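The values are calculated or read from the model by the stated rules, or taken from the named source; none is laboratory data. Predicted model only: the values in this text are computed from it and were never measured. Cβ atoms come from the backbone with ideal geometry, glycine included; neighbour counts cover every protein chain shown.
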Amino acid sequence: MKILAATSGSMPAKERADYIISLAEKLGAELVVLHVINKQDDYSNGEKALDIFRFKGRGERIKTIFRVGNITDTISNTAESENADLILVGIEGGLDSLNNICRGIARNTSIPIVLVPDI
């Protein structure tokens, strides 16, 4: 099994990394952590988020990917190209933002999407 976890920055990564890594371990899954920015975003925040997963997941099967592009398209395309069985998306930014993100991902893939609440 392979899980793609999309992270939106260093603060959400700090809050959810242990939970996501633990979930992947329990399922015996390989974990792919993705951070996507559009051209206006700050690269350093994304690198910090991925570094948190690299540090906390030492010894685990974790791959990190940093991409620039449309957030929802890039999440769904990366999940497909990585042959992910599950996509994890954090709940933040309000329901309207979440609905738009989930709808955008679901429009481009049939891979199940699981919402990860604030921990």
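Structure notes:
- Filtered residues of the range 103-119 (kept if outside any loop (DSSP other than H, G, I, E, B) and surrounded by 15 or more Cβ atoms within 10 Å (Cβ to Cβ)): G104, I105, A106, N108, I113, V116
- For the range 15-32, filtered to residues that are among the β-branched types (V, I, T) and closer than 15 Å to F55 by Cβ, the residue that is nearest to the chain's Cα centre (by Cα) is I20.
- Candidate set: the range 93-102, residues that are more than 13 Å from the chain's Cα centre (by Cα) and at pLDDT 65 or above; chosen: the one surrounded by the fewest Cβ atoms within 10 Å (Cβ to Cβ): N99
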